[in-house]
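Engineer: Just dropping this structure here.
Bear in mind that the values in this text are calculations on the coordinates, not laboratory data. What you are looking at is a predicted structure, and each value in this text was computed from that prediction instead of being measured.
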Amino acid sequence: MIEYVKTGFTIKELEGLCEKLNLKAIEFIRYNDKLFKENPDFKKISENSKLLDLISKYPKIIQRPIVVKDSKAIIARPPELINDFLL
């Protein structure tokens, strides 16, 4: 378990997470997060590397929970997805 709010993510960790999720950064941002909604500059960013930088500075804006197993990961919502993923 990673306490990402306390420790944050490095860009390299986020790049690995993108690979494991098979998603671009824009695809696992929480658009309803207050921080994202109140910062119009965030919505203008489309380049993956810039979004990863943004996530590293504001880790609370990622979808959660994210479950990682070996070389794959999922956004575990609804939580029932975890059962099939871990089998």
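Engineer: Any aspartates and glutamates with Cα under 17 Å of the Lys24 Cα? List them, leaving off those in the same chain fewer than 8 positions away.
Structural biologist: The reachable aspartates and glutamates, counting only those whose Cα sits under 17 Å from Lys24, are Glu13, Glu15, Glu47, Asp53.
Engineer: Can you compute the helix-only [θ] at 222 nm over the chain? Use -39500 (n - 2.57) per DSSP H run of at least 4 residues, normalise by all residues, nearest 500 deg cm²/dmol.
Structural biologist: On the way: 6 runs with 40 residues, N = 87.
The per-residue figure over the chain is -11000 deg cm²/dmol.
Engineer: What number does the chain give for Rg over Rh if you use C-alpha atoms and the Kirkwood radius? If you can, show how the numbers build up before the last one.
Structural biologist: On the way: Rg = 12.9 Å, Rh = 13.4 Å.
Rg divided by Rh gives 0.96.
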